[in-house]
Amino acid sequence: MMNKMKIYIINGPNLNLLGLREPEIYGHRTYEDLISYLLKEAEALGAELMCFQSNHEGKLIDIIQEAGENAEGIVINPAAYTHTSIAIYDALKAVNLPAVEVHLTDPSKREPFRKVSYVKDACVLSVLGRGFQGYKDAVKYLVENYGCQS
Ligand code: DQA
């Protein structure tokens, strides 16, 4: 029986407003829809998921540090902090867990200020523009590449 990989799913600012927020860009499905989709997929993926969302940079850093104690991998959509936060980059480096950066959209195809990702270099993979599926792909990647073999 394979052990399930413990993964923190961390979402940043405004992602709690999915469904309401610019639906022409982010779609009509809600944050709750995202979490139930992921929890439903988790079993088949061989992952145990713990899901968090915060609008606050410091809180996101606390959650990343907590992941360092409790988890074996991180899937993170830092939302707008992607493009500004050296502190989130530092936190991801500090905990030394495999982390995958996920974005619902492809930020490189949007406004110029979204082209830089500070977190990218602290992550083993970036999944861009695949919507909800991107989170599932990120979990699958972590389990396949960093999950327990026994
Ligand atoms: C986002 C892209 C970011 O540029 C933006 O600030 C977000 C969402 C995405 O998932 O596509 O809030 O991270």
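Other residues whose C-beta falls under 15 angstrom from the C-beta of E72 contribute a net charge of -1, scoring Lys and Arg +1 and Asp and Glu -1. Within region 5-145, how many Lys pairs that are eight or more residues apart, or on different chains, come under 30 Å at the alpha-carbon? Lysine pairs meeting the criterion: 29.
Loop-located chymotrypsin sites (Phe, Trp or Tyr not before Pro) across region 8-69 with a Cβ neighbour count of 13 or fewer within 10 Å are lacking, with loop assigned by DSSP. Dipole magnitude for the chain: computed about the Cα centre from +1 point charges on Lys and Arg Cβ and -1 point charges on Asp and Glu Cβ, it is near 320 debye. Residues whose amide H falls under 5 Å from that of V127, counting only those 5 or more places apart or on a different chain, are E101, V102, H103, with hydrogens built in the peptide plane.
Which shape class applies to the chain: rounded if a/c is under 1.5, otherwise prolate when a/b exceeds b/c and oblate if not, where a ≥ b ≥ c are the square roots of the Cα gyration tensor eigenvalues? Judged from the Cα gyration tensor, the chain comes out oblate (a/c at least 1.5, b/c at or above a/b). Let me know the shape class of region 41-111, please: from the alpha-carbon gyration tensor, a ≥ b ≥ c as square roots of the eigenvalues, rounded when a/c is under 1.5, otherwise prolate if a/b is greater than b/c, or oblate. Here region 41-111 falls in the oblate category. Using Cα pairs closer than 8 Å and at least 6 residues apart in sequence, work out the relative contact order for the chain, in percent. Relative contact order, the chain: 28 percent.
Bear in mind these aren't lab numbers, they're just calculated from the coordinates by the rules spelled out. Remember, predicted model here, so these are calculated numbers, not experimental data. No Cβ is skipped: glycine too gets one built from the backbone with ideal geometry, and neighbour counts run over all protein chains shown.
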